[in-house]
1. If you average 1/r over every pair of different alpha-carbon atoms in segment 46-251 and take one over that average, what Kirkwood value in Å do you get?
2. Please find the FRET efficiency linking Asp166 to Asp209, where r is the Cβ-Cβ separation and R0 is fixed at 25 Å, and quote it to the nearest 0.05.
3. Which loop-located trypsin sites (Lys or Arg not before Pro) does segment 88-164 contain, where loop means any DSSP state but H, G, I, E or B and the Cβ has at most 15 other Cβ atoms within 10 Å?
4. Counting Lys and Arg as +1 and Asp and Glu as -1, each charge on the Cβ, what is the dipole of segment 185-236 about the Cα centre in debye, to the nearest 20?
5. Evaluated at 25 °C with a viscosity of 0.890 mPa s, what Stokes-Einstein diffusion coefficient in µm²/s does segment 180-262 have when Rh comes from the Kirkwood expression over alpha-carbon pairs?
6. Pop a pseudo-label 7 angstrom from the Cα along the beta-carbon direction at both Asp247 and Asp129 and give the gap in nm to one decimal.
Amino acid sequence: MLRRHIARLPVLGFLRLSLVAATIAVAATLPALALDDAGTAPVVSLAQTAAPALSGQSGRRNEPVRFEFYLLALSWSRSFCEVSRERYTNRRPDPQCGARPYSFVVHGLWPQHERGFPANCQVPAPRVDRGLVDSMLDLMPSPRLVYHEWDSHGTCTGLSASGYFDTIRKARAAVTIPAEYQAISEPLTVAPAQVADAFVKANPGLRRDALAVTCDGKRLTGVRICLSKDLAFRDCGDAARNSCRSDSVVMPPLRGPRAALR
């Protein structure tokens, strides 16, 4: 009996090793969880909820990616800061949540397919010069956000880092923030449709089907505007299907003196 039991040990060991190897193989096929966009408060973006991300034109990384249009994501900075304080009480505040007041800031410029969007197209992403990062802080007031947007979205444009951020600056210059949202001194309750109408009125050529308002249920979190590759307004199509459904939301006020906004 003892000999028979000892003879079975190698077989049992082999079966255990086979089970472990199979488990590892299955785990390797599962998608990795994405971190939040700025490395701080996780905010689910319109484009991310609209359709799954594709890493490269054929599903492989480090290959050229074709896309149809851009989505310019503008974030209401004070909502982001409130969410950060509520969720991360022990974390150092993001730079945009300091003394200078910000209203709408650029979250990112995201290449889009008519359905879905590419992401993380070069891994590792080409390095971004710190001087270039600093030059973008007037529009994207968080170095972590600038690095993240290049890694996740800029690498899918086919542009160099300088070309990508120059395109962001041009895209932001193409959009006028409505005057009523540039210097809010008290909490403002608005209907999402009211915000959309204000952007349409302030931007000739912008139609309601070319933008969407986003929220977290109680706060306005941002406005998404769709642009062609030459930065003309265009319809968002499927990318707008997850816009805010709340009847009304709050826009937290700016703090301190009015920021220089256009």
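A short reminder: the numbers here are calculations on the coordinates, not readings from a lab. Keep in mind the model is a prediction, meaning the values are calculated, not measured. We place every Cβ from the backbone using ideal geometry, glycine too, and count neighbours over all the protein chains shown.
1. Computed over segment 46-251, the radius equals 17.5 Å.
2. 0.35
3. For trypsin sites (Lys or Arg not before Pro) across segment 88-164 that sit outside H, G, I, E and B with at most 15 neighbouring Cβ atoms in 10 Å, the list reads Arg91, Arg115, Arg127.
4. Computed about the Cα centre, the dipole is about 80 debye.
5. Rounded to a whole number, D works out at 179 µm²/s.
6. Taking the simple label geometry, Asp247 and Asp129 are separated by 5.4 nm.
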